[in-house]
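The values are calculated or read from the model by the stated rules, or taken from the named source; none is laboratory data. Predicted, not measured: the structure shown is a model, and the values here were computed from it. Cβ coordinates were reconstructed from backbone atoms using ideal geometry, including for glycine residues, and neighbour counts include every protein chain displayed. What goes into the accessible areas is simple: the full protein's heavy atoms, side chains included, and nothing from ligands, DNA or RNA. Shrake-Rupley method; radii C 1.70, N 1.55, O 1.52, S 1.80 Å.
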Amino acid sequence: MKDEYDLSAMKSRKNPYASKLKKPVTMRLGEDVISYFKSMAEESGVPYQSLINLYLRDCVATHKKIDINWHA
């Protein structure tokens with residue numbers, strides 16, 4: 001193995017996985033929702049934001065629709 005490498009001649013290329021990366025967004029969630037996922041995160045050892053993402057991904061995969069009835 002060399003002590004030093006010359007990276008100046010290295011060609012850059014676009015990340016082929018860039019389209020699959022997560023996009024940061026700002027969401028307003030209820031305290032009860034955050035508490036629910038944080039408690040699940042403690043039990044499972046998975047970060048709560050990842051749990052929320054997994055749940056939403058499951059909704060997308062199963063084409064879940066919400067039934068909203070606004071009472072006037």
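Numbers below:
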{"item": "Residue of V25, V60, V33 that the Gaussian network model of the chain assigns the largest fluctuation, springs spanning Cα pairs under 10 Å", "result": "V25"}
{"item": "Residue-normalised accessible area of the chain, given per residue in Å² at a 1.4 Å probe", "result": "109 Å²"}
{"item": "Estimated distance in nm for a label pair at V33 and V60, the labels positioned 7 Å out from Cα along Cα-to-Cβ", "result": "1.6 nm"}
{"item": "Accessible area (Å², 1.4 Å probe, nearest 10) - L51", "result": "20 Å²"}
{"item": "Kirkwood Rh (inverse of mean 1/r, distinct Cα pairs), the chain, angstrom", "result": "16.8 Å"}
{"item": "Virtual spin-label span in nm between E4 and S50, 7 Å along Cα→Cβ", "result": "4.0 nm"}
